[in-house]
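Step one of this worksheet: look at the structure below.
Quick note: the coordinates plus some simple rules give every number you see, no bench work behind them. Keep in mind that this is a model prediction, so the values were computed, not measured. Cβ placement follows ideal geometry from the backbone for every residue including glycine, while neighbour counts extend to all protein chains displayed.
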Amino acid sequence: MPSAFRYCPQCAAELHSRHDGERDRLSCPACTYVHWNNPTPVLAAIIECADRGNQILLARNAAWPGKMFALVTGFMEAGESPEDGIRREIMEETSLAVDSLSLVGVHDFQRMNQVLITYHAVARGEIVLSPELAEYRLFEPEKIKVWPAGTGLAVAQWLRGRGIEPQWMGAPGS
C-alpha cells in the first residue's frame, strides 16, 4: 500500500498495515489513529474566453516536462465552496474574471487518488499567468486534442455536450 505516511501524526509510532475487512489501511498500534487515504477533491476549469472568440484556454504547468497543455486545476481551501474555489483558482492562475460557471462533471482519477470536480467557466480579461503556469494556448473547441485520463475525460464530456465528437491524443491521424 503506497503512502507518504510512515509515522503516526498523533504519537509518532511507526504505522502498520492492517486489513479492516474491506481493504488494507495504515494504522497506529500505539493509539487509535487510522490513515484512511481518502481521495483529495481537485477543482478543474474548462475556461472559455468570452472576449477572445469563445476559445478555450489550456495551460502548461511550469513543473511539467514537454509541451502538455491541460485545464487549470487547484485545490479547495477550507471554508470555500467548489464554485468559489474554482473562481479563485482561475483568478490566481490566469487573472481572468469568471462571468459564469456550470458543473461539467465529477470523475475519479485513481492514479493520483483524486476526485476531479470540473466546471465550464466563461471568463474575460487580460490573461496574466501565475508563476505556476509556464504558458497558455487558446483553442477552438473542435480543435482540442483530448487526453485519455483525468481532466481529459471531463473535456470529452463537455465537448460531446456541445455536439462535438472529441479527437483523442494518440488516435490515428491526430
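Find how many whole Å separate the alpha carbon centroid of the range 150-164 from the alpha carbon centroid of the range 30-68.
Cα centroid to Cα centroid, the span is 16 Å.
In nm, to one decimal, how far is the modelled label at Met169 from the one at Arg52, with both set 7 Å along Cα→Cβ?
1.9
Points 7 angstrom from Cα along the Cβ direction at Glu22 and Glu77: gap in nanometres?
In this crude label model, Glu22 to Glu77 measures out at 3.2 nm.
Would the range 13-106 count as rounded, prolate or oblate if I go by the C-alpha gyration tensor, calling it rounded below 1.5 in a/c and otherwise prolate when a/b exceeds b/c, oblate otherwise? List each step's numbers first, then the result.
Numbers: a/c = 3.15, a/b = 2.41, b/c = 1.31.
Taking the square roots of the gyration eigenvalues as a ≥ b ≥ c, the range 13-106 is prolate.
Could you compute the FRET efficiency for Glu132 and Thr32, with r as their C-beta to C-beta distance and R0 at 35 Å, rounded to 0.05?
Working: r = 38 Å, r/R0 = 1.08.
Step by step, r from the Cβ atoms, then E = 0.40.
Rounded to the nearest 5, what is the percent of antiparallel bridges among the DSSP beta bridges in the chain?
On the way: 32 of 44 bridges.
For the chain, the DSSP antiparallel bridge percentage is about 75.
Need one word for the range 40-163: rounded, prolate or oblate. Basis is the Cα gyration tensor (sqrt eigenvalues a ≥ b ≥ c); a/c below 1.5 gives rounded, then a/b vs b/c decides. Let's see the in-between values first.
Details: a/c = 1.17, a/b = 1.07, b/c = 1.09.
Rounded is the answer for the range 40-163, as its axis ratio a/c remains below 1.5.
Can you put Glu89, Glu83 in order, fewest other beta carbons within 10 Å first? Walk me through the numbers before you get to the answer.
Details: Glu89 25, Glu83 17.
With the fewest neighbours first, Glu89, Glu83 line up as Glu83, Glu89.
With label points built 7 Å along Cα→Cβ from the Cα atoms of Lys143 and Lys67, find their separation and express it in nm.
1.4
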